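Engineer: Pasting in a structure now, in structure tokens, and then I'll have a few things to ask.
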Amino acid sequence: MSKKVDKMAKVRAAKKPPAYKNVHKSVPREDDHYLSLKNVKEWQKYNKDRVKDLKYRIRKGGTNAELKPLQRELQNREVYLANIVRYFDSGVWLDLFYGKDQEKQVKWKTLAKAYDENGYLKVNIPAVG
């Protein structure tokens, strides 16, 4: 029995890591990145289960006041799942929020600054008046 266990352990150790041919190459594979493949797959699984539960609760029925928030949440989570699939295909995160329940907001970073015709830096300052 122990020979068989040792042999299986050897086979597992020699096994190559998964290639993920269906995931874009720019999606981070390391676990410490906030949009890593592992993290986003966990969010996808959680939201699929949540969508299944929401559909059941909507089908069960209730008053309009009870169903409206459930329908809104269902639509929001379905769009989030579609954006996760697009992220795996393209490597570009399209959503403004991320996380299991979309609890964290994406921070924007300027890569190239824009200047107006006078050479001043363009900034978004709301007009007063």
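The values are calculated or read from the model by the stated rules, or taken from the named source; none is laboratory data. Treat the numbers as computed from the prediction; the structure is a model and nothing was measured. We place every Cβ from the backbone using ideal geometry, glycine too, and count neighbours over all the protein chains shown.
Engineer: When both residues are 6+ apart or on different chains and their Cβ atoms are under 6 Å apart, which pairs have a first residue that lies in the range 38-51 and is at pLDDT below 95, and a second that is not hydrophobic (A, V, I, L, M, F, W, C)?
Structural biologist: 38/31
Engineer: Take the range 21-37 and flag every residue that is exposed (fewer than 13 other Cβ atoms within 10 Å of the Cβ) and either free of Cβ contacts under 8 Å to residues at least 24 places away in the same chain or among the hydrophobic types (A, V, I, L, M, F, W, C) (or both).
Structural biologist: Correct list: 21, 30, 31, 32.
Rundown of residues vs (1) more than 10 Å from the chain's Cα centre (by Cα); (2) modelled with pLDDT under 90, yes/no style:
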site: 35; (1), (2): no, no
site: 73; (1), (2): yes, no
site: 77; (1), (2): yes, no
site: 83; (1), (2): no, no
site: 95; (1), (2): no, no
site: 105; (1), (2): yes, no
site: 108; (1), (2): yes, yes
site: 114; (1), (2): yes, yes
